[in-house]
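Visitor: Sharing a structure with you now.
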Amino acid sequence: MGERPPTSRDLARLAGVSQATVSRVLTNHPRVSPDTRARVLQVLAETNYTPNALARAMKTGRTDTIGVFMTRVTSPFHAELLDEIGRLLSAAGLHMILWNIEHDPDESVAEMLQQRLVDGFLLTSATYDSKLHTAAVASGAPTVLLHRGIDDFDCDQVVGDNWQGAYDAGRYLVEAGHRDIGLVTLEHTGNSSRDRDLGFRAALADAGVTLKPRNVITTNVRHADGHAAAQKLLSRAKPPTAIYTITDLLAFGVLDGARARGVRVPDDLWVVGFDNTDLASWEAFDLTTVDQPIHAIVEAGIDLLRNRIADPTAETTIRQLPCKLVVRGSTAHTPPKPAGNHTT
């Protein structure tokens, strides 16, 4: 065959099978006997055959590529989320194209939507007013929201139970005796931030604990913002004895801000975050936090997306996975009390 790459016809001749059988082996079709599959795979290995992705896409209508929309890819949580998406897509035999929507112009994503360069989308940074996410769903391409859900958004979604996780964090603090409690929160651009805020407030209200407006800081999402929030809260004549933040990154800032003021954690101040990123378990932070089950969210999301690609008419599914409190040194390793009856 010289320098010419082998074709499926060449492979079929070398393996002594039909071209249709070669195609079935390449697409992992079940209707191939083990002996025939082994013979074809041996020929593939001997010829160093690599399927032409463009030709396969033209024939099957599939690219085996998934588009991923993400923002703040350098944050601890999003970095872990992206790593898990890449790992599980690869394990499923799929490729990934990443769009950092903080920097990619709308036009580049719109062009990709028109050209159908991917089989579907995993959207990790959905917001109430995101035009890109709306365009992805409107394009008719199979789409799944991961991590951040949006009410009344007509696509499959896999999210953590942020409201219940936040409620459990609030209940934990009040049952440990805290009454002056600080909340470091964000503007609500999606369901995640909203539910992490409202669930916490509900727990305090159910326990008869007043969340003082002066102890609520609405800020941005960076470590520096958590640091500044701690400086403001802890400068009060009567500072809070516990602070809950709706992301770990903000909690890391609060911890560093407390240290900068000579406030001892957990002796003088308890701190609770949300996400349970790898950094939360580091000795420098030892952060009590609500776990966001990244592996389970991504695994379920990819399963839903593959099902949607196979059956575009399937009923829309929303899955909500539990977010459990993980207790560490920032709250003195004090275990939570057994859950009582409460409404959600």
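Visitor: With respect to E315, determine if the residue is without any contact (Cβ under 8 Å) to a residue 40 or more places away in the chain, assigned by TED's automatic domain parsing to the domain that holds V118 and within 25 Å of D154 (Cβ to Cβ).
Guide: Yes, satisfied.
Quick grid of which residues meet (1) modelled with pLDDT of 70 or more; (2) surrounded by fewer than 13 Cβ atoms within 10 Å (Cβ to Cβ); (3) of a type in the set (K, R); (4) not assigned by TED's automatic domain parsing to the domain that holds A92:
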{"residue": "E3", "(1), (2), (3), (4)": "no, yes, no, yes"}
{"residue": "G16", "(1), (2), (3), (4)": "yes, yes, no, yes"}
{"residue": "A45", "(1), (2), (3), (4)": "yes, yes, no, yes"}
{"residue": "R56", "(1), (2), (3), (4)": "no, no, yes, yes"}
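Visitor: Filter region 21-34 down to residues that are assigned to a helix (DSSP H, G or I) and modelled with pLDDT under 80 and give me whichever is nearest to D64 (Cα to Cα).
Guide: Among them, the one singled out is L26.
Visitor: Another one. Restricting attention to strands (runs of 3 or more DSSP E) lying wholly within region 201-284, give those where 1 or more residues are out of contact with any Ser or Thr (no Cβ under 8 Å at 6 or more places or on another chain).
Guide: 242-245
Okay, residues lined up against (1) of a type in the set (D, E); (2) over 19 Å from L146 (Cα atoms); (3) under 16 Å from the mean Cα position of the chain (by Cα):
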| site | (1), (2), (3) |
| --- | --- |
| V272 | no, yes, no |
| D286 | yes, yes, no |
| D291 | yes, no, yes |
| L305 | no, no, yes |
| I309 | no, no, no |
| L321 | no, no, yes |
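Visitor: Oh, and also: For the condition within 26 Å of L145 (Cα to Cα) and either in the same structural domain as Y167 (by TED's automatic domain parsing) or of a type outside the set (F, W, Y) (or both), what is the one hit in R214, R259, R196, R236?
Guide: Going through R214, R259, R196, R236 in turn, just one is within 26 Å of L145 (Cα to Cα) and either in the same structural domain as Y167 (by TED's automatic domain parsing) or of a type outside the set (F, W, Y) (or both): R196.
Visitor: Out of R214, R148, I need the residue that is buried (at least 20 other Cβ atoms within 10 Å of the Cβ), at negative phi, of a type in the set (K, R) and in contact with a helix residue (DSSP H, G or I) (Cβ under 9 Å, 6 or more places away or on another chain). Which one?
Guide: R148
Visitor: Residues in region 73-91: is at least one outside any helix (DSSP H, G or I) and at pLDDT 85 or above?
Guide: Looking for residues that are outside any helix (DSSP H, G or I) and at pLDDT 85 or above, one finds at least one in region 73-91, hence yes.
Visitor: Looking only at region 117-134, which residues are farther than 23 Å from E187 by Cβ and more than 19 Å from the chain's Cα centre (by Cα)? If you could, list the steps in order and put the result at the bottom.
Guide: The first filter runs over region 117-134 and keeps only residues farther than 23 Å from E187 by Cβ, leaving 117-122.
Result: L117, V118, D119.
Visitor: Of the residues that make up region 294-309, is at least one of a type in the set (D, E), touching a helix residue (DSSP H, G or I) at 6+ places or on another chain (Cβ under 9 Å) and not assigned by TED's automatic domain parsing to the domain that holds V216?
Guide: yes
Visitor: As an exercise: evaluate A203 against (1) at pLDDT 95 or above; (2) within 20 Å of the chain's Cα centre (by Cα); (3) within 21 Å of G160 (Cα to Cα) and give the number of the one condition it does not meet.
Guide: (2)
The values are calculated or read from the model by the stated rules, or taken from the named source; none is laboratory data. Predicted model only: the values in this text are computed from it and were never measured. Glycine also receives a Cβ, built like all others from the backbone with ideal geometry; neighbour counts cover every protein chain displayed.
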